[in-house]
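Below is one structure; the comments refer to it alone.
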């Protein structure tokens with residue numbers, strides 16, 4: 001199978017249009033704050049995955065309901081306000097966003113999804129939102145993907161985009177996406193929004209399955225700060241514009257499609273970690289020797305959420321000793337006499353005894369902006385896991401103080 | 001019952017001596033780094049509680065073993081190195097510390113406990129430790145409590161001490177203690193050491209029970225950063241110097257004793273929070289309306305360990321919205337439509353709808369260095385909990401980077 005090539009851009013597949021504008025939710029007129037993505041084709045199917053937080057923001061509750069029927073034509077998004085914990089009015093505001101967008105696009109309201117991201121617990125200011133919807137519907141453009149990607153940012157320092165073109169039955173199929181997220185990010189969905197548009201021909205159920213596989217190996221494998229947000233949403237639209245045989249797991253090119261979807265989502269997820277609030281180091285955590293994959297995963301999440309480990313990574317403190325401490329309290333099965341830890345290929349702890357690492361090589365790793373920590377939990381079990389995370393710096397604290 | 005009065009000093013009860021010296025484990029000669037506490041009475045009973053971390057430092061493993069018989073005459077302590085994750089050599093080093101101290105004091109080695117605190121995973125430098133033991137045994141003093149309290153500090157900015165004098169059967173009984181701890185602190189024992197000496201007459205089993213009660217309402221109710229250390233130890237020695245009837249739960253003054261022990265430990269625990277690494281605000285968290293005390297406790301611990309909540313407290317961000325987010329993912333039963341949150345007596349969220357707090361009063365609270373957050377989880381249940389914690393600042397990150 002040919003490995004797809006990825007482009008850092010939100011290329012819209014044929015039959016999609018998008019736009020991003022400054023509507024006035026954010027004070028800074030240089031910052032766009034509303035986006036709209038529209039499929040012009042009636043037979044567009046849609047799949048979504050959403051936060052596991054019990055407090056779901058008003059638009060999340062609405063989208064989950066609408067996506068049950070498996071079709072959707074438009075997504076209206078605002079940044080600057082999460083419309084979460086906003087009571088009955090928040091629900092009305094989300095409904096109004098959908099209705100106004102539907103009216104402007106002459107679509108049934110049940111075909112319009114809504115996303116919001118930003119501060120929690122603040123009432124929506126609807127005047128700019130209404131103005132934004134009017135502006136967006138007038139500016140939809142087949143090349144508008146990157147404008148949409150910019151408009152969904154909050155504390156992100158840059159837009160996050162990825163696209164690829166694959167062949168299904170010899171027909172070119174475009175798959176493009178964007179996401180946002182930099183803080184309140186943890187496995188099982190982050191404070192993040194992600195949208196993927198493709199002109200592939202596929203039914204809802206298979207799109208849902210493919211999306212779940214792709215999310216489980218991408219957005220569900222990252223952690224910035226361990227806080228699962230109220231608004232996390234990943235939505236994929238497929239508009240059947242490409243004239244190939246309908247994709248199913250039995251289709252000879254199914255793997256091409258799944259691989260490309262995995263690839264786009266993984267690329268977007270890694271861009272979230274690389275833009276983690278205040279981050280200076282990208283850390284890949286790998287565990288093996290656990291009694292189960294679940295145990296390996298639990299250990300890595302505990303490590304990725306330890307203040308002491310994360311601040312140690314930020315500097316050059318040998319955080320492996322703090323990881324040992326975490327392994328001891330995170331309630332997974334370990335052999336306390338048989339833990340191995342490597343930084344890249346440098347042994348730090350072998351059979352629970354400190355190694356004597358090559359100081360020069362170690363210093364180089366500790367001062368680099370990306371390294372891998374390998375942990376063996378020592379049980380002899382087959383359980384493994386991987387998690388992508390970052391350090392916690394003074395800048396992270398500054399960003400979140402006000 | 002008369003409420004005991006507490007003094008900020010480690011007053012040694014009659015029959016105890018202590019000392020603190022600079023032995024050379026820490027580079028700075030101004031900083032003492034070894035302490036010794038000794039009971040001169042043969043019938044001294046002892047009780048201890050230790051970290052729940054699966055990685056227990058070598059001295060912790062040793063102390064737990066020795067305390068099974070319920071008596072102990074001396075505690076030798078070093079700061080600057082935790083002797084944790086130090087393999088077979090660490091065990092030998094802890095044994096040598098006990099043996100040398102026993103030799104100098106002419107005590108059986110099974111009567112000597114050892115504590116270590118500081119960095120994990122570094123081999124002990126035993127030359128200064130040996131010198132320190134010799135210095136300490138020559139300098140033991142009935143007024144040496146505060147010297148010992150100073151010598152056990154690591155990132156603490158000040159010694160933490162508390163003493164009281166009560167009457168049992170009309171006989172004055174002294175109870176004095178000290179502790180250390182500022183980071184790697186979480187409920188279920190912190191990176192902390194605490195020692196309490198009393199001349200009360202009590203048997204081991206009752207001392208153990210009383211200590212457990214006191215720890216559960218003090219050191220187990222605090223959290224700095226959610227990291228349970230490998231070395232946490234609370235040790236209480238009672239030397240039976242005071243000529244009262246042996247204390248049992250049936251003794252008419254049992255409650256006086258338990259109250260004083262609770263009070264000393266609570267005071268010491270609060271001093272740990274007030275000296276939390278980089279802290280600027282002391283936060284008392286109170287939960288009610290949970291289906292059980294365990295649920296209430298779990299919710300508060302999740303809140304106290306959220307990066308976003310803690311950094312919000314550090315500034316003036318209305319962190320109540322982030323607490324709502326935590327309640328949604330921390331896996332406790334809540335009524336998402338019925339959450340109440342107050343800052344002191346200011347309503348922030350009523351029935352899950354943002355209140356309109358008096359801005360001036362709220363600003364005053366957010367800028368103060370101590371306030372209480374009341375959370376009602378809305379289930380109508382009887383479960384309650386309390387937890388004492390602090391904010392997370394840029395200074396916390398700086399302290400832990402290197």
Exercise. Out of curiosity, is residue A:317 closer than 26 Å to residue A:271 by Cα and more than 10 Å from chain B (Cβ to nearest Cβ)?
Worked result: no
Exercise. Can you find even one residue in segment A:215-223 that is without any contact (Cβ under 8 Å) to a residue 12 or more places away in the chain and surrounded by fewer than 24 Cβ atoms within 10 Å (Cβ to Cβ)?
Worked result: yes
Seminar exercise, completed: Of (1) under 31 Å from the mean Cα position of the chain (by Cα); (2) at pLDDT 90 or above; (3) within 7 Å of another protein chain (Cβ to nearest Cβ), residue B:323 fails just (3)
Exercise. Quick one: which of B:341, B:350, B:334 is more than 26 Å from the chain's Cα centre (by Cα) and surrounded by fewer than 18 Cβ atoms within 10 Å (Cβ to Cβ)?
Worked result: B:350
Seminar exercise, completed: Going through (1) over 26 Å from the mean Cα position of the chain (by Cα); (2) buried (at least 23 other Cβ atoms within 10 Å of the Cβ); (3) at pLDDT below 90 one by one, residue A:396 fails only at (1)
Exercise. Any idea which of (1) touching a helix residue (DSSP H, G or I) at 6+ places or on another chain (Cβ under 8 Å); (2) surrounded by 24 or more Cβ atoms within 10 Å (Cβ to Cβ) is the one residue A:60 doesn't satisfy?
Worked result: (1)
For this session: Scan segment A:354-402 for residues that are outside any helix (DSSP H, G or I), within 14 Å of another protein chain (Cβ to nearest Cβ) and either closer than 12 Å to residue A:342 by Cα or in contact with a helix residue (DSSP H, G or I) (Cβ under 9 Å, 6 or more places away or on another chain) (or both) and report the count.
Result: 14
Exercise. With respect to residue A:309, is the statement that it is buried (at least 17 other Cβ atoms within 10 Å of the Cβ) and within 12 Å of chain B (Cβ to nearest Cβ) true?
Worked result: yes
Seminar exercise, completed: Of the residues in segment A:6-58, those that are within 30 Å of residue B:336 (Cα to Cα), more than 14 Å from chain B (Cβ to nearest Cβ) and out of contact with any strand residue (DSSP E or B) (no Cβ under 6 Å at 6 or more places or on another chain) come to none
Exercise. Restricted to segment A:93-122, and to residues that are at positive phi and touching a strand residue (DSSP E or B) at 6+ places or on another chain (Cβ under 6 Å), which residue is surrounded by the fewest Cβ atoms within 10 Å (Cβ to Cβ)?
Worked result: A:118
Exercise. So how many residues does segment B:224-251 have that are touching a strand residue (DSSP E or B) at 6+ places or on another chain (Cβ under 9 Å) and either surrounded by fewer than 24 Cβ atoms within 10 Å (Cβ to Cβ) or away from chain A (no Cβ under 14 Å) (or both)?
Worked result: 17
Exercise. Does residue B:100 meet the test of being more than 14 Å from chain A (Cβ to nearest Cβ), assigned to a helix (DSSP H, G or I), modelled with pLDDT of 95 or more and more than 22 Å from residue B:156 (Cα to Cα)?
Worked result: yes
Problem set entry | Output for segment B:123-137, where each listed residue is in contact with a strand residue (DSSP E or B) (Cβ under 8 Å, 6 or more places away or on another chain) and closer than 15 Å to residue B:103 by Cβ | B:129, B:132, B:133, B:135, B:136, B:137
Exercise. Which one is surrounded by the most Cβ atoms within 10 Å (Cβ to Cβ) among residues in segment A:20-32 that are in contact with a helix residue (DSSP H, G or I) (Cβ under 6 Å, 6 or more places away or on another chain) and at negative phi?
Worked result: A:20
For this session: Sort out which residues of segment B:103-122 are more than 14 Å from every other protein chain (Cβ to nearest Cβ) and either in contact (Cβ under 8 Å) with a residue 12 or more places away in the chain or in a helix (DSSP H, G or I) (or both), and write them in order of number.
Result: B:103, B:104, B:105, B:107, B:109, B:110, B:111, B:112, B:113, B:114, B:115
For this session: Taking residue B:17 as meeting all but one of (1) within 19 Å of the chain's Cα centre (by Cα); (2) surrounded by fewer than 23 Cβ atoms within 10 Å (Cβ to Cβ); (3) assigned to a strand (DSSP E or B), write down the number of the exception.
Result: (1)
For this session: Check off (1) without any contact (Cβ under 8 Å) to a residue 60 or more places away in the chain; (2) buried (at least 23 other Cβ atoms within 10 Å of the Cβ); (3) more than 30 Å from residue A:339 (Cβ to Cβ) for residue B:149 and give me the number that stays unchecked.
Result: (1)
Exercise. For segment A:225-341, list the helices (runs of 4 or more DSSP H) that sit wholly inside it and hold at least 1 residues that are closer than 30 Å to residue A:111 by Cα and in contact with a helix residue (DSSP H, G or I) (Cβ under 9 Å, 6 or more places away or on another chain); which are they?
Worked result: A:254-274
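So that you can scan it fast, the table gives a plain yes or no per residue for (1) in a helix (DSSP H, G or I); (2) free of Cβ contacts under 8 Å to residues at least 60 places away in the same chain; (3) away from every other protein chain (no Cβ under 14 Å); (4) touching a helix residue (DSSP H, G or I) at 6+ places or on another chain (Cβ under 9 Å):
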{"site": "A:93", "(1), (2), (3), (4)": "yes, yes, no, yes"}
{"site": "A:124", "(1), (2), (3), (4)": "no, yes, no, yes"}
{"site": "A:131", "(1), (2), (3), (4)": "yes, no, yes, no"}
{"site": "A:134", "(1), (2), (3), (4)": "yes, yes, yes, yes"}
{"site": "A:137", "(1), (2), (3), (4)": "yes, no, yes, yes"}
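The values are calculated or read from the model by the stated rules, or taken from the named source; none is laboratory data. None of these values were measured; they are calculated from a predicted model. Ideal geometry is used to build each Cβ from the backbone, glycine not excepted, and the neighbour counts take in all protein chains shown.
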